[in-house]
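J.: Please see the structure below; I have some questions.
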Amino acid sequence: MDTMNLISTFAEFKELKNIDKSTMIGVLEDVFRHLLIKTYETDENFDIIINPEKGDMEIWRNRTVVEDGTVENPNQQISLTDARKIDESYEVGEEVADEIKLSSFGRRAVLSLRQNLASRIMDLEKASLYEKYSEKVGDIITGEVYQVWKKEILVLDDEDNELVLPKSEQIPSDFFRKGDTIRAIVSKVEMRNNSPAIILSRTAPEFLERLFELEVPEIFDGLITIKKIVRIPGERAKVAVESYDERIDPVGACVGMKGSRIYSIVKELRNENIDVVNWTANAQLLIQRALNPAKITSINIDEEKKTAAVYLKPSEVSLAIGKGGLNIRLASMLTGYDIDVYREVEEEDVALDDFSDEIDQWIIDVLKGIGCDTAKSVLEIPADELARRTDLEDETVKEVVAILRSEFE
């Protein structure tokens, strides 16, 4: 077991993913010097020569030639007779360099050296990988699905580093098989059991932001700025954009001709609906834009409570609320205001609150919960439909309808 034999097992360090050549040479030299100190109590008179291109190394010991019988330290001195066995021209006082073979250290020492070196290389790779991906947090990466489990997916990057996409960070309709190509952002990097864990995400707003940067050159170049993104992954998202160049329409640029730019983003996000709106510092105008496609009649804003009462025509209420309440929920998230939607009361109509002396308040609140704020908005709905949508008893619905109808008779 010689030096070449040991280094050949680590010759692949030239191709290690995350360790540069100079760092690797430094580790090799450090490990061997530790062995020298352990064996000879010093490494000062040793030269370690590493050839990274060939993957081999040499250890040379430098000793001073002394008269025969005066050798006090065999590690640092050599007798004249022994020196002349190497080269007959040596004289007392000269330096002699002789090569130390790895086999001279003994099998146990060499095995310990191998383990130490392997451990140091592994630690270096872990530290390098952690640093590399810590700098990529928030960036999009493309990888290959290697393993699919119930709670997470194991992804390999182009250097075969292992990345993890948890179920909680996947879009609900995501479905991947082994070998599929996957895109996600690096959400966070943390140390687990002394190993770096690289967590990916496809649900973070930053993922949508990076996709816009890839698809819209004006955003990548800084001509258009994304001010805020809110998402309900896989369902709907709202993106507020702003342009500092009056000649550029930020919404049009993001959507593209006939939706060409936004189409690939929607496809990547499993048909997530994306609303792009013009950003404005005017809260009233921003709320109005955020509730598109509903047309708002008027807005009352309470700055202290951060609430907004939005009034619309009866036909616009369902548009403002959206399927499953998604539109109004996202609008609130985008604007920072708690938005309440009310039907605009026409002159001949009467607000439900005006019937509080005849109808229990909790019943009025239930009716408001399905978007009915006025007497006529309730009467427009058939009694059986009203009972189904409110979960009220049939008798209760009949009584309420009778009270409201009497108002107009």
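The values are calculated or read from the model by the stated rules, or taken from the named source; none is laboratory data. Since this is a predicted model, take the numbers as computed values, not measurements. As a convention, Cβ positions derive from the backbone with ideal geometry for all residues, glycine included, and neighbour counts pool all protein chains shown. Side chains are part of the model used for accessible areas, which takes the heavy atoms of the whole protein and leaves out ligands, DNA and RNA. Shrake-Rupley method; radii C 1.70, N 1.55, O 1.52, S 1.80 Å.
J.: Cα-Cα over 30 Å: which of 167/267; 136/228; 188/227; 188/258; 267/295; 178/267?
T.: Numbers: 167/267 20 Å; 136/228 21 Å; 188/227 22 Å; 188/258 36 Å; 267/295 28 Å; 178/267 20 Å.
Those over the limit are 188/258.
J.: Using Cα-Cα distances under 8 Å and only pairs 6 or more residues apart, what relative contact order does segment 314-381 have, in percent? All intermediate terms of the calculation are to be shown ahead of the outcome.
T.: Numbers: 49 pairs, mean separation 21.1, N = 68.
Worked out over segment 314-381, it gives 31 percent.
J.: Follow-up question, since we're still on this one. Extension gain residue 370-residue 270, at 0.36 nm per residue separation less the Cα-Cα distance, in nm? Each step should come with its number before you reach the end.
T.: Details: separation 100, 0.36 × 100 = 36.00 nm, distance 2.96 nm.
Extra length available between residue 370 and residue 270 comes to 33.0 nm.
J.: Classify segment 227-291 from the C-alpha gyration tensor, please: rounded if a/c falls under 1.5, else prolate or oblate depending on whether a/b exceeds b/c.
T.: Working: a/c = 2.57, a/b = 1.28, b/c = 2.01.
Taking the square roots of the gyration eigenvalues as a ≥ b ≥ c, segment 227-291 is oblate.
J.: Using +1 at the Cβ of each Lys and Arg and -1 at the Cβ of each Asp and Glu in the chain, identify which of 372, 175, 201 lies farthest towards the dipole's positive end.
T.: Among 372, 175, 201, the one farthest towards the positive end of the dipole of the chain is 175.
J.: With +1 assigned to the C-beta of every Lys and Arg and -1 to the C-beta of every Asp and Glu, and no other charges, what is the dipole magnitude of the chain about the Cα centre in debye, to the nearest 20?
T.: Details: 52 positive and 82 negative charges, 229 e Å.
Approximately 1100 debye in magnitude.
J.: Where nothing but the Cβ of Lys and Arg (+1) and of Asp and Glu (-1) is charged, how large is the charge dipole of segment 272-409 around its Cα centre, in debye to the nearest 20? Provide the component values of the computation, followed by the final result.
T.: Values: 14 positive and 30 negative charges, 201 e Å.
Result for segment 272-409 is approximately 960 debye, rounded to the nearest 20.
J.: Which value, in debye to the nearest 20, gives the size of the charge dipole of segment 202-342 about its Cα centre, when Lys and Arg are +1 and Asp and Glu are -1 at the Cβ? Mind showing how you got there, number by number?
T.: Numbers: 19 positive and 20 negative charges, 110 e Å.
Charge dipole, segment 202-342, about its Cα centre: 520 debye, nearest 20.
J.: Normalising by the residue count of segment 164-288, find the relative contact order in percent from Cα pairs under 8 Å and 6+ residues apart. It would help to have the intermediate numbers written out before the result.
T.: On the way: 179 pairs, mean separation 26.3, N = 125.
Computed value for segment 164-288: 21 percent relative contact order.
J.: Next up: According to a simple spin-label model (label point 7 Å from Cα along Cα-to-Cβ), what is the distance in nm between residue 120 and residue 107?
T.: Placing both labels 7 Å beyond Cα along the Cβ direction yields 2.5 nm.
J.: Note down the nm distance, to one decimal, between modelled labels 7 Å out along Cα→Cβ at residue 176 and at residue 242.
T.: 3.5 nm
J.: Between the DSSP loop rule and a limit of at most 15 other Cβ atoms within 10 Å, which chymotrypsin sites (Phe, Trp or Tyr not before Pro) in segment 91-161 are left?
T.: Details: sites: 105, 130, 133, 146, 149; in loops: 149.
Within segment 91-161, the qualifying chymotrypsin sites (Phe, Trp or Tyr not before Pro) (loop, at most 15 other Cβ atoms within 10 Å) are 149.
J.: Kindly sort 311, 337 by accessible area of their heavy atoms, largest first, with the probe set to 1.4 Å.
T.: Values: 311 70, 337 15 Å².
Order by accessible area, largest first: 311, 337.
J.: For Cα pairs less than 8 Å apart in space and 6+ apart in sequence, what is the mean separation divided by the residue count of the chain, i.e. the relative contact order in percent? Don't skip to the answer; put the middle values down first.
T.: On the way: 614 pairs, mean separation 30.9, N = 409.
After rounding, I find 8 percent.
J.: Also, I was wondering about something else. Rank 166, 92, 128 by how far each Cα sits towards the positive end of the charge dipole of segment 56-186 (+1 on Lys, Arg Cβ; -1 on Asp, Glu Cβ) and give me just the farthest.
T.: Farthest along the dipole direction, towards plus: 166.
J.: Using a ≥ b ≥ c from the Cα gyration tensor of segment 83-196 (square roots of the eigenvalues), is it rounded, prolate or oblate, where a/c under 1.5 gives rounded and otherwise the larger of a/b and b/c decides, a/b for prolate? Write down the numbers at each step before the final one.
T.: On the way: a/c = 4.19, a/b = 3.51, b/c = 1.19.
Taking the square roots of the gyration eigenvalues as a ≥ b ≥ c, segment 83-196 is prolate.
J.: Helix-derived [θ] at 222 nm for the chain: sum -39500 (n - 2.57) over DSSP H runs of at least 4, divide by residue count, nearest 500?
T.: Details: 15 runs with 152 residues, N = 409.
-11000 deg cm²/dmol, from helical runs alone.
J.: Continuing with this model, one more query. Rounded to whole Å, give me the distance from the Cα center of segment 37-97 to that of segment 345-394.
T.: 101 Å
J.: Rounded to the nearest 0.05, what FRET efficiency do residue 162 and residue 362 have when you use their Cβ-Cβ distance and R0 = 60 Å?
T.: Values: r = 55 Å, r/R0 = 0.92.
According to the calculation, E is roughly 0.65.
J.: What full-extension length gain, to one decimal in nm, is calculated for residue 195 and residue 398 as 0.36 nm per residue of separation minus the Cα-Cα distance?
T.: Details: separation 203, 0.36 × 203 = 73.08 nm, distance 6.70 nm.
Going from the current span to full extension adds 66.4 nm.
J.: May I pose another question? Mind giving me the nanometre distance, one decimal, between the label points for residue 214 and residue 33, set 7 Å out from Cα along Cα→Cβ?
T.: Using points 7 Å along Cα→Cβ, the separation is 4.6 nm.
J.: Same structure, new question: Residue farthest toward the positive end of the dipole of the chain, with Cβ of Lys/Arg at +1 and Asp/Glu at -1: which of 337, 104, 49?
T.: Farthest along the dipole direction, towards plus: 104.
J.: By how many nm would the segment from residue 318 to residue 283 lengthen if fully extended, with 0.36 nm per residue of separation less the alpha-carbon distance?
T.: On the way: separation 35, 0.36 × 35 = 12.60 nm, distance 2.21 nm.
Computed gain between residue 318 and residue 283 is 10.4 nm.
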